[in-house]
Amino acid sequence: MSYDSAKAAFAEWGVDTETALSRLADIPISMHCWQGDDVVGFETKSGHSGGGIQATGNHPGRARTPDELRADLEFSYGMIPGNHRLNLHACYLDTDQNPDRDEIEFSHFAPWVDWAKGQGLGLDFNPTFFAHEKADDNLTLSHPDAGIREFWIEHGKRSRDIAAQIGAALGSPAVNNVWVPDGYKDTPVDRMAPRQRLEQSLDQMMATSHDNGLMLDAVESKLFGIGVEACTVGSHEFYMGYAIRRGTLLCLDMGHFHPTENVADKLSSVALSVGEILLHVSRPMRWDSDHVILLDDAIMQMAQELVSADLLYRTHIGLDFFDATISRTAAWVIGTRNMQKALLRALLAPWKQLKLAEANLDYTTRLVVTEEIKDLPYGAVWAEFCERMEVASGKSLVSDLNRYQQSVAARG
Ligand code: RNT
Ligand code: ZN
């Protein structure tokens, strides 16, 4: 179907496809650097993994250096319509020096910032509280040892400074998201003390306030992780309260709740108490498995809530998935495009009509409309978006993605 016919089909429902396309073009997605190398990073490593984060698979082509990762990112952004952001983790520093986590500085990330400037990308940042000998107990900011807490507080402070400098350099605030793996494998007898320590450490870390135009603090909760099944110190309730009390962003990772919970349902509730929200869009399969996101109900409901509840202007959309069994660049491209496709569908829904039916308790009309509009020609509108943004769609996407994968497959 041609775009003009699609436009007419949506117009019959009172929806203007041009408005939807221009709104979609203005929604940046923060793509996560860690999909490109299976969450390994570029520190001179002593073999520490941990934090319950584990990419599975050994598909050829993993980026081994910052240059390789940037090349993969450049290719991937070229396959994704619109202007986006890169979400960088502190362990992805680019320097000949070998600073420990409590020694990182802006200069160690300067090559990323110069590159981002050249690419027209925004950057977000994350302190890395895992894959380190001082995190081997699965306790960092809540560790009973004050020395270990100090080490991680220093890492967190430096990350905030770096994020603020990144924000200043790029003229766009960098979200600095804190996730710590802290928790207990078996049932603790004291859940209060570690939570009090976590709160105090966060307070010390964030004691210096930064200009909101440069960096934004975010905190990310979790239900459980491998090795911390009995108790996660930074639970949802913990961080929800913290974000409200301290005025930080709250990060909702779609894999960090019970599998039958609808994370989209949380947005409107959270938005009543928290100013801005950070999303880690992910696809948990039975657990926090971080599969590549599909254009499935969970993602579409998330996008619908963002549009219906008018939360796009105060939600930062970040992605968090990693799959090492497929082309890593294809994973980025497909996952990010799926987020955009979900947003496009949400932007093309006749919300006024649906909300009116619901307010009139006319659930029959609501049902008929939600089901009938599923047959509208979304594909033609998406293809038009890709064409205007000069990126491939359909069959040529398959061959472009394959060709790039072939070109990196020989990496060791
Ligand atoms: C871990 C969290 C966290 C990480 C990244 C790498 O469960 O989801 O966001 O995935 O920081
Ligand atoms: Zn996450």
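List of remarks:
- Within the range 309-323, residues that are among the hydroxyl-bearing types (Ser, Thr, Tyr) reach partners that are away from ligand 1 (no atom under 16 Å from the Cβ) with beta carbons closer than 9 Å, at six or more positions or on different chains, in the pairs 315/267; 315/271; 315/276; 315/306.
- Every residue from the range 213-241 that is of a type outside the set (Gly, Ala, Ser), over 20 Å from residue 318 (Cα atoms) and within 16 Å of ligand 1 (Cβ to nearest atom): 224, 226, 228, 229, 231, 232, 233, 238
- Residues that are over 24 Å from residue 316 (Cα atoms), out of contact with any His (no Cβ under 6 Å at 6 or more places or on another chain) and crowded, with 20+ Cβ neighbours inside 10 Å do not occur anywhere in the range 243-261.
- Test: residue 239 is surrounded by fewer than 21 Cβ atoms within 10 Å (Cβ to Cβ) and within 19 Å of residue 176 (Cα to Cα): no
- Across the range 1-16, the qualifying residues are those that are out of contact with any Pro (no Cβ under 9 Å at 6 or more places or on another chain) and of a type in the set (A, V, I, L, M, F, W, C), and the one among them that is nearest to residue 387 (Cα to Cα) is 8.
- Per the conditions (1) surrounded by fewer than 21 Cβ atoms within 10 Å (Cβ to Cβ); (2) under 18 Å from the mean Cα position of the chain (by Cα); (3) among the charged types (D, E, K, R), the sole criterion not satisfied by residue 85 is (1).
- Residues that are within 13 Å of ligand 1 (Cβ to nearest atom) and over 23 Å from residue 217 (Cα atoms), drawn from the range 250-289: 283, 284, 287, 288, 289
- Residue count for the range 79-104 under the criterion of being touching a residue at least 40 places away in the same chain (Cβ under 8 Å), touching a helix residue (DSSP H, G or I) at 6+ places or on another chain (Cβ under 7 Å) and in a loop (DSSP other than H, G, I, E, B): the result is 8.
- One residue stands out in the range 139-177 among those that are assigned to a helix (DSSP H, G or I) and of a type in the set (S, T, N, Q): the one that is nearest to the chain's Cα centre (by Cα), namely 159.
- Hits in the range 14-37 (condition: within 18 Å of residue 84 (Cα to Cα) and either among the hydroxyl-bearing types (Ser, Thr, Tyr) or within 16 Å of ligand 1 (Cβ to nearest atom) (or both)): 22, 29, 30, 31, 32, 33, 34, 35, 36
- Only one entry in 308, 327 is surrounded by fewer than 21 Cβ atoms within 10 Å (Cβ to Cβ) and of a type in the set (Gly, Ala, Ser), namely 308.
Just so you know, all these numbers are worked out from the coordinates, no wet-lab data involved. Just so it is clear, the model here is predicted, and its values are computed rather than measured. Neighbour counts are summed over all protein chains in view; Cβ atoms, including those assigned to glycine, are modelled from backbone coordinates with ideal geometry.
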